[in-house]
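Have a look at the structure below, then the notes.
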Amino acid sequence: MILECRDICKSYFEGKMEFPILHHISFSMEEGEYVAVMGPSGSGKSTLMNLIGCLDRPTSGEMILDGTNVADCSDNELADLRLSKIGFVFQTFELLSYQTALQNVELPLTYAGVSRSERRKRAAEALEKVGLADRMDHRPSQLSGGQKQRVAIARALINHPKLLLADEPTGALDSASGEQVMKIFRELNEGGTTILMITHDAHIAQNARRMVMIRDGVLTPAGEEADE
Ligand code: ADP
Ligand code: MG
């Protein structure tokens, strides 16, 4: 089991007022799975992704990521866990605008203390893998949306994460670029990468092998396997 969420609740607080967002979520993933979490805007998808990605902590309940109970982790340990286990892809790419594609992809390796030459080599390979060998020295403003997202995917994969988390990865893309990103995800999953993808788009969710629904912070399995 790569991920196990047990009875997770998440509230936001404003003063003494509690705003419950996620309600008793139990959910798990095996290594190699490709799961889509589908739900409308405001249903709690990003809140859930931030918890699973160790960017935030649950209000109650347990989360076990690749054998580590996050409740037992200090903030520093949580940051290490995130760096070593999780790759993130966001709707808005979140690239550094003043850095080249290559430098953006290298960044997680910098945090991991990898040497400069090794960083270059691995980042270049990752960009080749997503079809951007000829765009390495471009800055984000010189790239299309789909190319930016492919840079972000290369960056997410550079540390060989156990789990790739994607929050609306096609949400800011035209349908052709979105389809390209979905093709990359399918190929990654066929190569063994475990993927959790969040989307409000039923058509995009069909790319995954399993689907769960979230509505008003309540998660329900969609039951049947998605079409291949
Ligand atoms: P989704 O990604 O499905 O659109 P979110 O997880 O972003 O939904 O938000 C779920 C609910 O939580 C929304 O009602 C949103 O307003 C609320 N919310 C999200 N982040 C915060 C926050 N930091 N403080 C208070 N409320 C928040
Ligand atoms: Mg969201």
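Laboratory data are not the source of any read-out in this text; all were calculated from the coordinates shown. Just so it is clear, the structure is predicted and the values come from calculations on it, not from any experiment. Methodologically, a virtual Cβ is constructed for each residue, glycine included, from the backbone with ideal geometry; neighbour enumeration extends over all protein chains shown.
Results, tabulated for the structure shown:
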read-out: Karplus-derived 3J(HN,Hα), 6.51/-1.76/1.60, for each residue of region 27-32, Hz, glycine and proline x; value: 6, 9, 9, 8, 4, x
read-out: Relative contact order (%) - region 32-162, alpha-carbon pairs under 8 angstrom, separation at least six; value: 28
read-out: Using a Förster distance of 45 Å, the FRET efficiency for Arg139-Asp7 (Cβ separation, nearest 0.05); value: 0.50
read-out: Extension reserve of the Ser117-Met17 stretch, reckoned as 0.36 nm per residue once the Cα distance is removed; value: 30.8 nm
read-out: The chain: angle of helix 145-157 to the longest principal axis, Cα-based, in degrees nearest 10; value: 80
read-out: Percent antiparallel among DSSP beta bridges (both partners in the chain, rounded to 5); value: 50
read-out: Long-range HN-HN contacts of Glu33 with modeled amide H, under 5 Å; value: Ile195
read-out: Spacing of the two label points (7 Å from each Cα toward its C-beta) at Glu30 and Asn50, in nm; value: 3.2
read-out: Inter-label distance, nm, simple model (7 Å from Cα along the C-beta direction), Asp72/Gln99; value: 3.2
read-out: Backbone HN-Hα couplings from phi across region 83-88 [Karplus 6.51/-1.76/1.60, Hz, Gly and Pro as x]; value: 5, 8, 10, 10, x, 10
read-out: At 1.002 mPa s and 20 °C, Stokes D of the chain from Kirkwood alpha-carbon radius, µm² per second; value: 119
read-out: Dipole magnitude of region 1-73 about its Cα centre (Cβ charges: Lys, Arg +1; Asp, Glu -1), debye to nearest 20; value: 360
read-out: 17 Å Cα cut-off, lysine pairs counted over region 106-228 (separation 8 or more, or different chains); value: 4
read-out: Cut-off under 5 Å, modelled amide H: who pairs with Ser28 long-range; value: Cys5
read-out: Most to least packed among 180-191, 7-18 [average Cβ atoms within 10 Å]; value: 180-191, 7-18
